[in-house]
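To start, the structure itself, in structure tokens.
The values are calculated or read from the model by the stated rules, or taken from the named source; none is laboratory data. From a predicted model like this one, the values you see are computed outputs, not experimental measurements. Cβ atoms come from the backbone with ideal geometry, glycine included; neighbour counts cover every protein chain shown. Ligands, DNA and RNA are excluded from the accessible area calculation, which covers all protein heavy atoms including side chains. Shrake-Rupley method; radii C 1.70, N 1.55, O 1.52, S 1.80 Å.
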Amino acid sequence: MLARAGRRYRSIALEADARHLLTDVWTTAGVAAAVLLVAVTGWQRLDPMVALAVAAHVLWTGFDLVRRSYLGLMDRALPPADRRAIEAVLERHSADGVRYHALRTRQAAGRSFVSVHVLVPGAWTVQRGHDLLERIEAQVREAVPGASVFTHLEPREDPASFADVDLDR
Ligand SMILES: [Zn+2]
């Protein structure tokens with residue numbers, strides 16, 4: 001349950017606690033099984049072997065958590081499944097002549113960020129364009145719960161719309 005809450009809130013701290021509990025369960029079960037097996041088989045060498053396996057498991061779990069906490073502090077892109085969900089939202093509007101580019105995603109410290117340029121026919125009114133962006137932003141937030149969405153509206157016909165895809169410009 002802790003692990004599920006950790007995933008839902010993208011909290012590495014909750015997940016670390018869950019993994020800690022789980023590690024305790026596994027190590028206790030492993031040690032108990034080893035004591036039993038040594039008692040039954042009389043094979044003394046089993047005890048240090050199980051101890052090594054337990055130590056390796058604890059070390060690996062700890063290492064994995066440290067690695068992912070570090071990644072959590074560094075910005076990185078959203079998982080591919082989230083990106084596909086965002087693309088599906090944007091493609092839903094392609095029949096109306098709506099295109100997009102410069103889709104960027106980022107997650108940092110449990111928050112998700114999505115930014116995208118939305119290209120619409122230049123003859124659209126500001127009202128119509130804004131209504132579309134509001135809808136797209138709501139749909140992206142539905143696809144990626146809790147995401148902060150930034151959009152930028154551009155006329156499809158203007159070459160300048162396509163000259164701004166780079167981060168540095
Ligand atoms: Zn653009």
The chain: DSSP helices with Cα axial extent of at least 20 Å and average Kyte-Doolittle hydropathy no lower than -1.0: 12-41, 46-73, 126-143
Dipole in debye (nearest 20) - the chain, about Cα centre, beta carbon charges: Lys, Arg +1; Asp, Glu -1: 460 debye
CD proxy at 222 nm, helix term only [per DSSP H run n ≥ 4: -39500 (n - 2.57); per residue of the chain; nearest 500]: -19000 deg cm²/dmol
Cα gyration tensor shape of the range 70-129, rounded if a/c is under 1.5, else prolate or oblate by comparing a/b with b/c: prolate
Which of Leu14, Phe63, Ala34, positive extreme of dipole for the chain (C-beta unit charges): Ala34
Dipole in debye (nearest 20) - the range 80-162, about Cα centre, beta carbon charges: Lys, Arg +1; Asp, Glu -1: 300 debye
Shape call, the chain: gyration tensor on alpha carbons, a/c limit 1.5: prolate
Relative contact order of the chain, defined on C-alpha pairs under 8 angstrom at six or more residues apart (%): 16 percent
Per residue accessible area of the range 1-143, 1.4 Å probe, in Å²: 65 Å²
Cα gyration tensor shape for the range 2-73, rounded if a/c is under 1.5, else prolate or oblate: oblate
The chain - percent of accessible surface contributed by carbon and sulfur, probe 1.4 Å: 63 percent
Nonlocal amide H pairs with Leu103, under 5 Å, H built at 1.01 Å: His117
Assigned charges on the beta-carbon of Lys, Arg, Asp, Glu; the range 39-100 dipole about Cα centre (debye): 80 debye
